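The values are calculated or read from the model by the stated rules, or taken from the named source; none is laboratory data. Being a predicted model, the structure only gives us computed values, none of them experimental. Cβ placement follows ideal geometry from the backbone for every residue including glycine, while neighbour counts extend to all protein chains displayed.
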Amino acid sequence: MSHPYETSPAKAFWRSGVVETDRRRWPEIYTPAFPIRAETAVATAGSCFAQHIGRFLRDAGVNVLDVEPRPEGMSDEAAKARGYGLYSARYGNIYTARQLRELLEDAFEIYVEDRHFLTRDGAWFDALRPGVEPDGFATLEAAVEARRAHLLQVVELAQEMEVFIFTLGLTEGWIDRETGRVLAMAPGVIAGDYDPERYVFHNFTYDEIYADLVEIRKLLRGINPNVQLLLTVSPVPLTGTASDQHVLAATSYSKSVLRAVAGDLAEAYATVDYFPSYEIVTTWAAPEAAFAANLRSVRPEMVEGVMEVFLTAHGLETTGG
């Protein structure tokens, strides 16, 4: 008697694909849709887990772009605190697809709005990337000029990149009713004051995120027709949720939606790929603990294992991070 699974490969079955496989190297879990070589111009952005991807790719000799390098003489500690070297530009963590879409729209028009800046103790902070200057700017004019210079560098990055790796982190965000813009984080966390009449919580839906990513792809390929998009989903749980759900359920919702969107987009476009870092970290079949004692930070050994899978699939030499 025949059945449709007779010719399925080993990876299609739980016993051979999970129980009996090498659960550190995960053979056949990822087949790249397009290659990344040492000379490939790669740009990175996204939530904090994306920092690991950029670091390992650089260590493997890949041409990871950095259009806003640290000033000469700045220490490693000071550079990290100011967002230098974490991603391919100094945009800080980009948690939602809507943030990235709006950043690109601003960059391609060099659009800066005074209402996108917040104050704290007399200093000015960019609400769209508040963490890049820990002490803020002395004047609004200085903050505006710094953002304008940043947007110019984002344009240069878009023109130079060949592969853009974006790590989706959250579905939750805060919208400024006055400007309609999504903020990098809730006002009051770093600067500004929370005004419930002005700022509203929004949990982005599948359809909204899918549409944002389609537009991101369109924007990038409009300025650079050859760019390819590689999506990942951060396995790091939510620190907190502004929804009415328990944080565990809110995390599951957020990651499930992001994973579904990323997979469907990769199915729809040959120039979009998905790497299953989220699955490798969060599976209960993992051979070792994935998270540190806080149950949020991914252990270095797990990050190394994830990146070994990625680098091996692309034929790149692993160095142990």
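What to note about this one:
- Residues satisfying the stated conditions in the stretch 42-63, i.e. aliphatic (A, V, I, L, M) and either out of contact with any strand residue (DSSP E or B) (no Cβ under 8 Å at 6 or more places or on another chain) or surrounded by fewer than 19 Cβ atoms within 10 Å (Cβ to Cβ) (or both): ALA60
- Search result, residues across the stretch 21-41 that are farther than 15 Å from PRO276 by Cβ and touching a residue at least 12 places away in the same chain (Cβ under 8 Å): PHE34, PRO35, ILE36, ARG37, ALA38, GLU39, THR40, ALA41
- Taken over the stretch 191-214, residues that are touching a helix residue (DSSP H, G or I) at 6+ places or on another chain (Cβ under 8 Å), surrounded by fewer than 18 Cβ atoms within 10 Å (Cβ to Cβ) and either among the hydrophobic types (A, V, I, L, M, F, W, C) or assigned to a helix (DSSP H, G or I) (or both) amount to 3.
Here's the yes/no breakdown for (1) buried (at least 17 other Cβ atoms within 10 Å of the Cβ); (2) part of a loop (DSSP other than H, G, I, E, B); (3) among the basic types (Lys, Arg):
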position	(1), (2), (3)
GLY263	no, no, no
GLU267	no, no, no
ASP273	yes, no, no
ALA293	no, yes, no
GLY305	yes, no, no
THR312	no, no, no
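- Test: residue in the stretch 33-41 that is surrounded by 10 or more Cβ atoms within 10 Å (Cβ to Cβ), of a type outside the set (Asp, Glu) and at pLDDT below 95: no
- Odd one out for ARG115, checked against (1) outside any strand (DSSP E or B); (2) at pLDDT 95 or above: (2)
To keep it simple, each residue is scored yes or no on (1) in contact (Cβ under 8 Å) with a residue 40 or more places away in the chain; (2) not polar (S, T, N, Q).
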residue	(1), (2)
ARG221	yes, yes
ASN224	yes, no
LEU231	yes, yes
THR239	yes, no
ASP244	no, yes
VAL257	yes, yes
VAL298	yes, yes
ALA313	yes, yes
